[in-house]
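Written below as structure tokens is the structure these notes are about.
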Amino acid sequence: TQDAREQAACSLKRLTGAVDDTLISGLLDPARSGTVDDANAAKDAIRTQVRGFVQQHSGELRSARAIARVFHGLSGPSTMSSQWMWCRDWGSLVTTDFAVVQLCAQEELVRLHCAVDSDC
């Protein structure tokens, strides 16, 4: 299953494009040049928050884009504000670049899928 997980990670990178950690740092806070350590710490904090949300709401939202929309407080067909504004995560990452949140959400969805599906 390790090979399958590595394959899934490669597929994810192909789908989302490789994102350099220093680029992520710049996306998180464009005013700062950022270091790799800062980027890793910020990305880990975002990933931890996204992981908790995905584990709790995986049956309700199945796409990384929909999850990122919740974290940005953006209403849409699957993320209606009347349904999600009660959630503590609604709009909580509005200052973080949407693409970074979406990438973290995609990684967590793949991780959750691989943990549940033994064929992954």
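Residue pairs whose Cβ atoms lie under 7 Å apart, separated by 6 or more positions or on different chains, with the first residue in the stretch 82-97 and exposed (fewer than 13 other Cβ atoms within 10 Å of the Cβ) and the second part of a loop (DSSP other than H, G, I, E, B), are VAL94/GLY73. If the condition is being open to solvent by 40 Å² or more (accessible area, probe 1.4 Å) and either touching a Ser or Thr at 6+ places or on another chain (Cβ under 6 Å) or modelled with pLDDT of 80 or more (or both), then the stretch 42-58 contributes ASP44, ALA45, THR48, GLN49, ARG51, GLN55, GLN56.
The values are calculated or read from the model by the stated rules, or taken from the named source; none is laboratory data. What you see is a predicted model; the values in this text were computed from it and never measured. All Cβ positions, even for glycine, are placed from backbone atoms using ideal geometry, and neighbour counts span all protein chains on display. Quick note on the areas: whole protein, heavy atoms, side chains included, nothing else; ligands and nucleic acids left out. Shrake-Rupley method; radii C 1.70, N 1.55, O 1.52, S 1.80 Å.
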